[in-house]
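The values are calculated or read from the model by the stated rules, or taken from the named source; none is laboratory data. Fair warning: this is a prediction, and the values are worked out from it, not measured in the lab. Counting neighbours? That spans all protein chains shown, and the Cβs are built from the backbone with ideal geometry, glycine included. Surface areas here come from the heavy atoms of the whole protein model, side chains and all, with no ligands, DNA or RNA. Shrake-Rupley method; radii C 1.70, N 1.55, O 1.52, S 1.80 Å.
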Amino acid sequence: MKVFLRWLLLEVLVFLGVVLFAQPVEQSFTPTKAENKLLWEISGKGLAAPSYLYGTIHMIPAENYFLTEATEVAFDKSTRVAFEIDTEEMTNPAAMMGLLSKMYMNNDTTLADLLSEADYAVVSTHFEEMGMPMMFMGKIKPMFLTILAGEDMKDMKPGENPMSMMGGDGMKSYELELTERAKAAEKQIVGLETAEFQMSLFDSIPYTAQAKMLLETIRSGEGEEDEEETSAMDQMIELYTTQDIIGMQSLISDDPAGIGGYEELLLLKRNRNWIPVMEELMTKETVFFAVGAGHLAGDEGVIALLRKAGYTMTPVD
């Protein structure tokens, strides 16, 4: 009986071993450190010709702006350029007027309602020194004010249009630069989502949380944090110029008090929404997709999602 029991146990263990070790190893679709590149070729799954995915940074100092030769070649090969939103729409005065109302908080909420008196004074003083009186800014959603309050705008002259900083001598926008290239080459431009949808995302983040981010941005820029600590913008520029898309994604994810706390809303859900749109476009022609580099890496980044969908994703030097 003991021999039989030992044999039975051994057989059970062998069976379990076969079952366990026969299970397929889960395939990793996430880009590795060896694949840290801004430019990716998309091929396979019946595509007649490859398309391209390129990670951008929305604003960067002019001296740090660059496009590799391979990126320019990929851009020239493409017959259509796809951004997160249709950048030509943003130059349409009628479309912009319709979006202006979405910049303001609902229910007559003001920034003064969201901050203590002392914190509001910090924010108010900051914008007053930039030539932007709070009497005009107080009802704007704090997320928009955070963009204006960033250190990118610190050299802006009083009364100067903030948009003039983009593409000017101080800062450059990859979206604007690539849009101009596309228009010059008579390439069609399309958006993966609408500007109205992007604006609506801010309504899903509590105004109090937005106000906290705004205050932290201003305090950081004014040196109230450790002076030796590299600012988030400086870190982002360093990661971008070294094409460290994994680092950029991590910088966002590891900031639970800021955007990282809303990663599902601001990044992951949008990544998933883009894939079917990209697939439809790629079946028709060669497309140059230009989206924020923070969307590329990670388990649910655009690269991994396209790989899961059956496409071959190849980093390009």
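Key figures for this structure:
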read-out	value
Which listed residue, of 241, 230, 217, is modelled with pLDDT of 85 or more and of a type in the set (Val, Ile, Thr)	241
Residue count, the range 180-199 (criterion: of a type in the set (Gly, Ala, Ser), open to solvent by 50 Å² or more (accessible area, probe 1.4 Å) and at pLDDT below 95)	0
The range 103-132: number of residues that are free of Cβ contacts under 8 Å to residues at least 40 places away in the same chain and in contact with a Phe, Trp or Tyr (Cβ under 7 Å, 6 or more places away or on another chain)	1
Verdict on residue 94 being open to solvent by 40 Å² or more (accessible area, probe 1.4 Å), aliphatic (A, V, I, L, M) and either under 24 Å from residue 242 (Cα atoms) or at pLDDT below 95 (or both)	yes
Failed item in (1) open to solvent by less than 40 Å² (accessible area, probe 1.4 Å); (2) closer than 28 Å to residue 303 by Cβ; (3) modelled with pLDDT of 85 or more, with residue 272 passing the rest	(1)
